[in-house]
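Reviewing the structure listed below.
The values are calculated or read from the model by the stated rules, or taken from the named source; none is laboratory data. What you see is a predicted model; the values in this text were computed from it and never measured. All Cβ positions, glycine included, derive from the backbone under ideal geometry; neighbour counts span all protein chains shown. Protein only, heavy atoms only, side chains kept; ligands, DNA and RNA dropped before computing areas. Shrake-Rupley method; radii C 1.70, N 1.55, O 1.52, S 1.80 Å.
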Amino acid sequence: MRIASDQIGGYEGRYEVWEAATETAWMVREPTTPHHERPSRELVQSVRLIAALRGVPINGFGAGDIVVRNSEGRRVRILQADEMLHLRPEEAQAIGHGVQAYERVGGGLHPQSDPLPDVVLEVDLTTDVRRGKLGLYESCGFSEVWVDVPERRLPSSPKGAAPGLTIYVNGPNGFREAAESLAFPSWTAAEIHLAINESSLSPETTAALRRVGGLMAERDGGGPDLFLRLEREQSRAEGVMQGVRKAFEFMAVLESRGFIRSTALTGSMGLISRIDEAQLMRMAMSCRDESDLLQRMAAADASSDG
């Protein structure tokens, strides 16, 4: 489809790449659908969980324009990514309308290039980005691109493309396929694909997100964010209050049976906290005396440890 240079900025349709030389755009085969958008939205949700454990935000800019310029600064093409992730929010704040990228000449990035996303996601639902778009990412110096073929396919989906995710990492010799992400340490292609295609958060994905978030916290010097810290503090506080309530009710039952708060009983709070509440109350109601009660408590604690 032909789109003039002065029209491309206001064009609202979806395309993969627009070329300035010919003013033509490589269009997607069908309008945006939930099947196409869902993987990128699920990725953002997963990354937010990782960021919470990392303790440093990870910015997702969604489907946005990447403006590619030549060494003279002239706009030569525009790419539309499905998702762009930045691990350093303070750098990403400099980005305005679209990411300004430059064709690489020799080594290194052009000094006027915007901070490039650490990860770009491309969802291959009705097109195949490997036919040309991947090479453009490579030539501009993008460090990591994920290409996902969703589990849910459409009649217009490329034939023979098996569902799955491929990680491309840029190096001295260009892009190479990698089993794991470099930006998100230890997160494998199979785990990422599962996370962005499953209908609900599975135990496998939960374990992977916790592992990756922990590794990123160690690498980047972070830790749980404020929300998680407050949740953990509240859980600890609630646990303390529940333990106090259980001990109070336990002692109340014993006192109703004529037991006196001896040093041995008041010193057994550690045992009381570790024994199931229902079991503890049965002991308080059926024990013959204090010695019998302490023996039962010790046996129950040893059994639970075993």
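Could you sort Phe175, Phe184 by accessible area so the largest value comes first, with the probe set to 1.4 Å? Please list the in-between numbers first.
Values: Phe175 35, Phe184 0 Å².
The ordering from most to least exposed comes out as Phe175, Phe184.
Hey, with R₀ at 45 Å, roughly what FRET efficiency would Ala207 and Ser256 work out to, going by the Cβ-Cβ distance, to 0.05? Working shown, then result.
Details: r = 47 Å, r/R0 = 1.04.
Calculated value: 0.45.
Run the simple label-point estimate for Glu37 and Ser291 please: 7 Å along Cα→C-beta, distance reported in nm.
7.5 nm
Ranked by accessible surface with a 1.4 Å probe, highest first, in what order do Lys246, Lys133 come? Mind showing how you got there, number by number?
Working: Lys246 20, Lys133 0 Å².
Highest to lowest solvent-accessible surface, that is Lys246, Lys133.
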